[in-house]
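The block underneath contains the structure these notes are about, expressed in structure tokens.
The values are calculated or read from the model by the stated rules, or taken from the named source; none is laboratory data. All figures in this text were calculated on a predicted structure; none of them were measured in a lab. No Cβ is skipped: glycine too gets one built from the backbone with ideal geometry, and neighbour counts run over all protein chains shown. These area figures cover heavy atoms from the full protein model, side chains too; ligands, DNA and RNA do not enter into them. Shrake-Rupley method; radii C 1.70, N 1.55, O 1.52, S 1.80 Å.
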Amino acid sequence: VDVTDDESIQALADRLGIVDHVVTTASARARGLLKDLDRETLRQSFDTKVIGPVMLAKHLQIRGSLTLFSGVAAFKPAVGFLGVAITNGAADFLTRSLSLELAPIRVNAISPGVVDTGIWDEATKEHFRTHNPARRIGTAEDIADAVVFAMTNPFLTGVTLKVDGGE
């Protein structure tokens, strides 16, 4: 589904009917220094990670949980990640807001740190292997385990789980 397209979301909702759990990992990161950021890149980032999940919540018939993704930049800003930080911060706040609006449907978010997905260079990975409290970078399995926990814990809602090795 294209989370930036309401017709695409509605077509998915029509096709699926009632669903138990929804996880959205869609992201369009607006990386770069302030001087290099442009309106369209920021707009795409918000449309994908914030507005898109709002439309998913609006159109899908969810009966269990909705899990969003934030990110470590929301809680630990860094130069060159302004767009990522504000988008992830908005996703974090959206999680808390939707948990109230959709109750009793549970809404949570996962906030990953540096995860070995192939996008990080060796110097970045080595930095996090030696500087975060976990002394390693995350794996896809670390994040998947957190998603399953968020989906299956019946008393967890409005929470952003920081799965970031202590960053």
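Every condition in (1) among the polar types (S, T, N, Q); (2) in contact (Cβ under 8 Å) with a residue 60 or more places away in the chain; (3) under 22 Å from residue 137 (Cβ atoms) is met by residue 111 except one, and the failing one is (2).
Tell me yes or no: at least one residue of region 19-32 is small (Gly, Ala, Ser) and within 16 Å of residue 106 (Cβ to Cβ). So that I can check it myself, show each step before the final result.
Step one: list which residues in region 19-32 are small (Gly, Ala, Ser), which gives 26-28, 30, 32.
Applying the additional criterion that residues be within 16 Å of residue 106 (Cβ to Cβ) yields none.
Within region 19-32, not a single residue is small (Gly, Ala, Ser) and within 16 Å of residue 106 (Cβ to Cβ).
If you go through region 56-70 and keep only what is of a type outside the set (Val, Ile, Thr), in a strand (DSSP E or B) and buried (at least 20 other Cβ atoms within 10 Å of the Cβ), you end up with 65, 66, 68, 69.
Restricting attention to region 17-47, the residues being surrounded by 15 or more Cβ atoms within 10 Å (Cβ to Cβ), of a type in the set (Gly, Ala, Ser) and in a loop (DSSP other than H, G, I, E, B) number 4.
For region 29-41, the condition of being within 19 Å of residue 140 (Cα to Cα) and out of contact with any Lys or Arg (no Cβ under 8 Å at 6 or more places or on another chain) holds for at least one residue. Surrounded by 14 or more Cβ atoms within 10 Å (Cβ to Cβ) and either of a type in the set (Phe, Trp, Tyr) or over 22 Å from residue 144 (Cα atoms) (or both): does that describe residue 96? Answer is no for this residue.
Within region 5-16, take every residue that is open to solvent by 50 Å² or more (accessible area, probe 1.4 Å) and under 20 Å from the mean Cα position of the chain (by Cα) and give me the one that is farthest from residue 42 (Cα to Cα).
Looking at the filtered set, the residue picked out is 6.
For region 111-157, a tally of residues being part of a loop (DSSP other than H, G, I, E, B), surrounded by 13 or more Cβ atoms within 10 Å (Cβ to Cβ) and not aliphatic (A, V, I, L, M) returns 7. Of all residue pairs spaced 6 or more apart or on separate chains, those with beta-carbon atoms under 6 Å, a first member in region 40-62 that is at pLDDT 95 or above and a second member that is in a helix (DSSP H, G or I) and surrounded by fewer than 17 Cβ atoms within 10 Å (Cβ to Cβ) are 55/6; 59/10.
Consider residue 84 carefully, then state whether it is closer than 16 Å to residue 25 by Cα, open to solvent by less than 30 Å² (accessible area, probe 1.4 Å) and either in a strand (DSSP E or B) or out of contact with any helix residue (DSSP H, G or I) (no Cβ under 9 Å at 6 or more places or on another chain) (or both). Steps first, answer last, please.
Details: closer than 16 Å to residue 25 by Cα: yes; open to solvent by less than 30 Å² (accessible area, probe 1.4 Å): yes; either in a strand (DSSP E or B) or out of contact with any helix residue (DSSP H, G or I) (no Cβ under 9 Å at 6 or more places or on another chain) (or both): no.
No: the conditions fail for residue 84.
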